[in-house]
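Scroll down for the structure; my scribbles are underneath it.
The values are calculated or read from the model by the stated rules, or taken from the named source; none is laboratory data. Since the model is a prediction, treat every value here as computed from it, not as a measurement. Note: ideal-geometry Cβ built from the backbone for every residue, glycine included; neighbour counts use all protein chains shown. To get the accessible areas, we keep the full protein, side chains included, count just its heavy atoms, and leave off ligands, DNA and RNA. Shrake-Rupley method; radii C 1.70, N 1.55, O 1.52, S 1.80 Å.
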Amino acid sequence: MAQLSRGLRALGRAARRLSEQGGSTSFAPKSWPFWRNNIMLFCVDNVAGHVLESLYCQIMDKCFGIVDDDYAVKFDPWYHPYWVYGFGGLAMTLIFEPLKEGLLARHKSMAGVVLETYLIAVLAAMGMELGFGLLVNQPDEDGNYPYWDNSKLPLNICKQAWLVNDLVMGGVAVVRTWLTYPLFCKGMSRLSERTANMACAATVGTFAVACASSYGRLIKDGRL
């Protein structure tokens, strides 16, 4: 336990140092590098989110038996973009990056920073899940929901969001905010401007091919 505690403290110090070092570039909305980084991550998040949802649904189905046999995640090709994750990742950047300096100043330990980040992220995830649900997941006249049905689950919010999902997404947001996003920004800052632009073009191009291929397949299968 002592070794685990020391390891967690070391990880916390590294995360704090990483975010403090990348503060000038991780949130600079008037600069091209900021938007270049987030355009690339938007593309990646749409696909990575789909893959993670596939794994998550397998776990939830085994634990709660709540995933319908005809749920799209079981049939969509893995590279099919799930847009909610791209916009969700961008929202996490726009919410937390401006708050990081204040969070770090308010807490002496990284544990306090992570806890506050987690609580804010859970509320933000709940709001986004609920908002998307109210916009695109309204039930038909027979009471069938087009994308997900959380209406009968305990801890559901307005029959759209589900607190269990929000708690998990809060954890993902913490990792993204304090680890993956600053690491990505730090890596991109080490590239020359030309190389970084080429990496962005390659990412967007690959994502465009994935979109064309996946939507073409859905149209061919009569699912779109």
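At a 1.4 Å probe, what is the % contribution of carbon and sulfur to the accessible area of the chain?
On the way: 8760 of 13160 Å².
Answer for the chain: carbon and sulfur cover 67 percent of the accessible area.
Mean-square fluctuations from a GNM of the chain, with a 10 angstrom spring cutoff on Cα atoms, peak among 59, 120, 39 at 59. For a paramagnetic label modelled on residue 55 (point 7 Å from Cα along Cα→Cβ), amide N atoms under 20 Å away belong, within the range 77-121, to 77-90.
Considering only 74, 30, 186, the Gaussian network model of the chain with Cα springs below 10 Å gives its largest mean-square fluctuation to 30. The modelled label-to-label distance between residue 101 and residue 83, using points 7 Å beyond Cα along the C-beta direction, is 3.4 nm. Rounded, prolate or oblate: pick one for the range 78-222, where a ≥ b ≥ c are the square roots of the eigenvalues of its C-alpha gyration tensor, a/c under 1.5 means rounded, and failing that, prolate if a/b is larger than b/c, else oblate. Oblate, because a/c is 1.5 or more while a/b does not exceed b/c. A crude spin-label estimate for the pair residue 111 and residue 64, with each label 7 Å from Cα along the Cβ direction, gives 3.0 nm.
Taking amide H positions as modeled 1.01 Å from N, with prolines and chain starts lacking one, the residues under 5 Å from residue 157 and 5 or more places away or on another chain are 162, 163. The HN-Hα couplings worked out from phi for the range 131-139 by the Karplus form 6.51 cos²θ - 1.76 cosθ + 1.60 (θ = phi - 60°) are x, 4, x, 5, 7, 10, 10, 6, x Hz, whole numbers, x standing for Gly and Pro.
For the chain, the solvent-accessible area of protein heavy atoms averages 59 Å² per residue (probe radius 1.4 Å; ligands and nucleic acids excluded). Phi-derived couplings, Karplus 6.51 cos²θ - 1.76 cosθ + 1.60 at θ = phi - 60°, listed residue by residue for the range 118-123: 5, 5, 5, 5, 4, 5 Hz, with x used for Gly and Pro.
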